[in-house]
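Data block below; observations after.
The values are calculated or read from the model by the stated rules, or taken from the named source; none is laboratory data. If you're wondering where the values come from, they're calculated on a predicted model, not measured in any experiment. Please note: Cβ atoms are built from the backbone with ideal geometry, for glycine as well, and neighbour counts cover all protein chains shown.
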Amino acid sequence: MANSASLASVIAGRYAGSLFELALEAKTLDETGADLAAFDGLLHDNPDLMRLVRSPVFSAVDQGRALAAVLGKAGIAGLVANFVRLMARNRRLFAMPEVHAKFRALLAAHRGEEVARVTIARALSDAQTAELKQALNAVAGKEVAIQATVDRELIGGMIVKIGSRQIDTSIRTKLSSLKLALKEVG
């Protein structure tokens, strides 16, 4: 599993870098980032679409046809639509979620922002995201771009990674610590 994960990471890095360079050249970084985020949202909200993207059972032609319909309906066009079609033709769609994460990291670095990877138990509201962003900006001492991932197993709280620092306030971790402390006592 580690080999397939590292392969996906290498592939995602190359494709994200290429997409970033194309968007930079075309002066469409914000639009490309928004379209990529929209497509990533579709993937995470629709298990059938994620299955289509990750399954080697579907041919590149079938994936291309299905994605053309999805992209059209979602209003994703231009560079990102062409990029997704290329990924389908090259049988690299399985790396799309990581391509999005790497593209966001490149975009944040280009803007001089620090990337905060935040794992949360449930999606944050816009107000909560703004408040978290403000707090992280103060901690980091510069503008922070938030990459949020939902992990329901956290139960509550969050895990925040900024650079080499990690802050874990999840209920899962607190319960594990309590369980360990109780074993030491008893």
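Mind checking which residues of the stretch 136-175 are among the small types (Gly, Ala, Ser) and under 27 Å from Asp45 (Cβ atoms)? Scanning the stretch 136-175 gives Ala145, Ala148, Gly156, Gly157, Ser170. Going through (1) surrounded by 14 or more Cβ atoms within 10 Å (Cβ to Cβ); (2) within 19 Å of Glu31 (Cα to Cα) one by one, Gly72 falls short only on (1).
Scanning the stretch 27-46 for residues that are surrounded by fewer than 17 Cβ atoms within 10 Å (Cβ to Cβ) and of a type in the set (D, E, K, R) returns Lys27, Asp30, Glu31, Asp45. When Ala26, Ala121 are screened for being modelled with pLDDT of 90 or more and in the same structural domain as Asp168 (by TED's automatic domain parsing), only Ala121 passes.
For Asp45, the conditions (1) closer than 14 Å to Arg91 by Cα; (2) modelled with pLDDT under 90; (3) not hydrophobic (A, V, I, L, M, F, W, C) are fulfilled apart from (1). Restricting attention to the stretch 156-186, the residues being under 17 Å from Ile146 (Cβ atoms) and at pLDDT below 90 number 1.
Give the residues of the stretch 21-72 that are among the polar types (S, T, N, Q) and under 22 Å from Leu106 (Cβ atoms), sorted by residue number. Walk me through how you get there before you give the answer.
First, pick out the residues of the stretch 21-72 that are among the polar types (S, T, N, Q): 28, 32, 46, 55, 59, 63.
Thr28, Thr32 - these are the residues of the stretch 21-72 that are among the polar types (S, T, N, Q) and under 22 Å from Leu106 (Cβ atoms).
Look through Leu24, Leu86, Leu49 and report the one residue that is touching a residue at least 24 places away in the same chain (Cβ under 8 Å) and surrounded by 14 or more Cβ atoms within 10 Å (Cβ to Cβ). Being touching a residue at least 24 places away in the same chain (Cβ under 8 Å) and surrounded by 14 or more Cβ atoms within 10 Å (Cβ to Cβ) holds for just one of Leu24, Leu86, Leu49, which is Leu24. Consider Arg91 carefully, then state whether it is touching a residue at least 24 places away in the same chain (Cβ under 8 Å), in contact with a Phe, Trp or Tyr (Cβ under 6 Å, 6 or more places away or on another chain) and either in the same structural domain as Thr149 (by TED's automatic domain parsing) or of a type outside the set (Phe, Trp, Tyr) (or both). Judged against the criteria, Arg91 is not a match.
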